[in-house]
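Single-structure report; data block below.
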Amino acid sequence: MTTRPRKPAPNTPGPGKLPLPELEDLKRRGEKIAMVTAYDAPSGRLADAAGVDIVLVGDSAAMVVLGYDSTVPATMDEMLMLTRAVTRGAHRPLVVADMPFGSFQISDEEALANAIRFVKDAGADGVKLEGGGSSISRVRALVGAGVPVMGHIGLTPQSATMLGGFKAQGRSAEKARALLADARELESAGCFALVLEAVPAPVAKRITSTLSIPTIGIGAGADCDGQVLVWHDLLGLYDGHAPRFVKQYANLAPEIIAALRRYVDDVRSGAFPETKHTYAMPDEELAVFSEGVEHAHRDG
Ligand code: KIV
């Protein structure tokens, strides 16, 4: 008999869960960290079954699940609902909730109140927030209050407009130096890990070797301490533009469409449902039922 791990109380590591400080041990030992996004309980369960270390409930949900063309419209309520679903499904991986645009920019107090909702109400193990600069004081406030924070620099999709689009970052010496400075500050502010998105591989390598906390790359080369991909990109479920850093491990969309087509055909031809898909009732009950209906019909 298999037993499902009991859901732990919020902000406490559950049985089998990778303790957060061990991420740094993995880095020291050169063991790579596998992170993937997920947005619902079944995908959380599948990521858990596949041995994923960290599940990110990314605000990429706005694009790949909610149908927007950027991550900006994602709301706290939407992200909380998705995070609750993921934490119901994923028990062993660390679950990190992405703080949506507008949830942490206004003040340390508001950022902390929102971060606490992710941990306390939705069962997340930590939160991720984008940016260096003004985000650094937010990280300090959250970590100081006991909320584990993952940083995210490079291409930060919430500020894609200000960055001039979904473009690689840190491609000049000056910009690369600024990224390294942000990375150092985010580490000293208390981040437990740092996402590097769309950053030249040599820059990511330098940041990785400078920090003690693990870097998780997406479009940042093989020298990061871990990698992250978006669920729908990895599995071939997103029909929007896929960046060059995506590796597609399956192409599920055509398989899903083919299965749905077979279903539609079966419904239209009457091939589905078969007797094995239906419920029977005792003959005598059916007889009484039919007789009653007949009577009602005659009398009415
Ligand atoms: O929202 C997201 O999925 C992310 C990852 C791409 C790192 O931030």
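The values are calculated or read from the model by the stated rules, or taken from the named source; none is laboratory data. All figures in this text were calculated on a predicted structure; none of them were measured in a lab. Methodologically, a virtual Cβ is constructed for each residue, glycine included, from the backbone with ideal geometry; neighbour enumeration extends over all protein chains shown.
Key figures
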{"read-out": "So Gly89, is it touching a Gly at 6+ places or on another chain (Cβ under 7 Å), within 16 Å of the ligand (Cβ to nearest atom), of a type outside the set (A, V, I, L, M) and in contact (Cβ under 8 Å) with a residue 40 or more places away in the chain", "value": "no"}
{"read-out": "Residue that is surrounded by the fewest Cβ atoms within 10 Å (Cβ to Cβ), among those in the stretch 166-184 that are over 22 Å from the mean Cα position of the chain (by Cα) and in a loop (DSSP other than H, G, I, E, B)", "value": "Ser172"}
{"read-out": "Condition broken by Gly102, with the remaining ones in (1) away from the ligand (no atom under 16 Å from the Cβ); (2) on the phi > 0 side of the Ramachandran plot satisfied", "value": "(1)"}
{"read-out": "Within the stretch 1-106, helices (runs of 4 or more DSSP H) holding 2 or more residues that are of a type in the set (Ser, Thr, Tyr), modelled with pLDDT of 95 or more and touching a strand residue (DSSP E or B) at 6+ places or on another chain (Cβ under 7 Å)", "value": "76-89"}
{"read-out": "Checklist (1) over 14 Å from Val72 (Cα atoms); (2) buried (at least 23 other Cβ atoms within 10 Å of the Cβ) applied to Ala141, failing item", "value": "(2)"}
{"read-out": "Gly226, sole failed condition from (1) surrounded by fewer than 20 Cβ atoms within 10 Å (Cβ to Cβ); (2) of a type in the set (Gly, Ala, Ser); (3) under 24 Å from the mean Cα position of the chain (by Cα)", "value": "(1)"}
